[in-house]
1. Taking the Cα centre of the chain as origin and charging only Cβ (+1 Lys, Arg; -1 Asp, Glu), how large is the dipole, in debye to the nearest 20?
2. Report the normalised scattering of region 271-323 as log10 I(q)/I(0) at q = 0.19 Å⁻¹, calculated by the Debye formula with identical scatterers on the alpha carbons.
3. Can you give the convex hull volume of the alpha carbon atoms of region 40-113 per residue, in Å³?
4. Note the direction-averaged projected area, equal to a quarter of the hull surface, for the Cα convex hull of region 164-321, in nm².
5. Highest first, please rank the peptides 270-281, 221-232 by the mean number of other Cβ atoms sitting within 10 Å of their residues.
6. What ranking, highest mean first, results for peptides 126-132, 282-288, 308-314, 252-258 when packing means the other Cβ atoms within 10 Å averaged over each residue?
7. Report, in cubic angstrom per residue, the convex hull volume of the C-alpha atoms of the chain.
8. Only helical DSSP H runs with n ≥ 4 go in: add -39500 (n - 2.57) per run for the chain, normalise by residue count and round the 222 nm mean residue ellipticity to 500 deg cm²/dmol.
Amino acid sequence: MHWQADRCSKGFEKPPDNRARPISIGVMRVLFIGGTGIISSACSALALEHGIELYLLCRGQSPRPIPPGAKVLQGDIRDPGSARAAIGDLKFDAVCNFIAFVPEHVQADIELFAGRTAQYVFISSASAYRKPVCHWPLTESTPLDNPHWQYSRDKIACEEMLLSALRRDGFPATIVRPSHTYDQTLLPFDPYQAGYTVLQRLRRGKPVVVHGDGTSLWVLTHHADFAKGFVGLLGNPKTIGEAFHITSDEVLSWNEIYSAVARAAGCAPRLVHVPSDIIARHHPQWGAGLLGDKAHSVIFDNTKIKRFVPGFAATIPFARGAEQIVDFYDRNPKFEPVDARVDSLMDQLVERYG
């Protein structure tokens, strides 16, 4: 999947180098498209801590605040005219898009940033790796193929478009594949928007539905740990044409994940196991994320990111992350929506399978 120089001897022509030359000496100028989301907020904070001159292209509608020191470019990346007006004549050492999901988004970025940046970082997804998983651990060379989840197929198509632009025109693409990355606001349950429903049920002593038998293995990565690997890739020309996943090395079963949240909440979990295909039949959105991702055991080999970013290590275990999440919800009751549909569905599944 990666363009490499040695392909030139096998009939591939080296792509023209149309990258913008680095425009800063000593201090990198970086643009984040987004920058205040679950993943990108930690990357923004760490980039600023490292002395990067950070610009955020955003509409100013995120509930998270703009980090002090970031320069805001008010614009809408979905509106090419708005984005061009916001960026003006600026050029960058790196442009990172955290909110590109379909090929149309990537095509617009290629047209907008060709010749303006020495590196373009696309946030893909580790869910793009072939499902079911053929071998462990997953490496960046694991084939990309997900027949169950449109989200993942769109990310694969975006990657293919970028690598084609790299080979054809020298567009300086780097691909990053997060797996399940969370912050203090995100409970790690599907569907994401219904996470607090699970926490409330745990605290009320009600059973919660766990897909499968709860023993499949999963990896959860704190966004602060992800940021350490991500920021370390910025400005490195050796990353062009490469893909990286950035995850924790901690591997947990889903039974352990639910139990960690329950411990943080001060209660005992009552887990009811339901086959993923049954859940999908009743709730297609929930089911797509299970069948296309979370129902499969995943173990990641992080050798590559550690080679490119020496010293990278994920140091925040999920037990501590779960405590942060529960504490956040206790302090912010307005962020505690209960999804009535999911709550009712769990009652029905528990009655049948409990």
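Please treat every number below as a calculation from the coordinates, not as lab data. Here the structure is a predicted model, which is why all the values come from computation and not from measurement. All Cβ positions, even for glycine, are placed from backbone atoms using ideal geometry, and neighbour counts span all protein chains on display.
1. So the dipole magnitude of the chain works out to roughly 200 debye.
2. For region 271-323 at q = 0.19 Å⁻¹, log10 I(q)/I(0) is -0.83.
3. Dividing the Cα hull volume of region 40-113 by its residue count gives 96 Å³.
4. Here the figure is 10.4 nm², rounded to one decimal.
5. Descending packing order for the listed peptides: 221-232, 270-281.
6. In decreasing order of mean packing, 126-132, 282-288, 308-314, 252-258 become 126-132, 252-258, 282-288, 308-314.
7. Taking only Cα atoms, the chain has a hull volume of 136 Å³ per residue.
8. Using -39500 (n - 2.57) per qualifying helix, the result is -11000 deg cm²/dmol.
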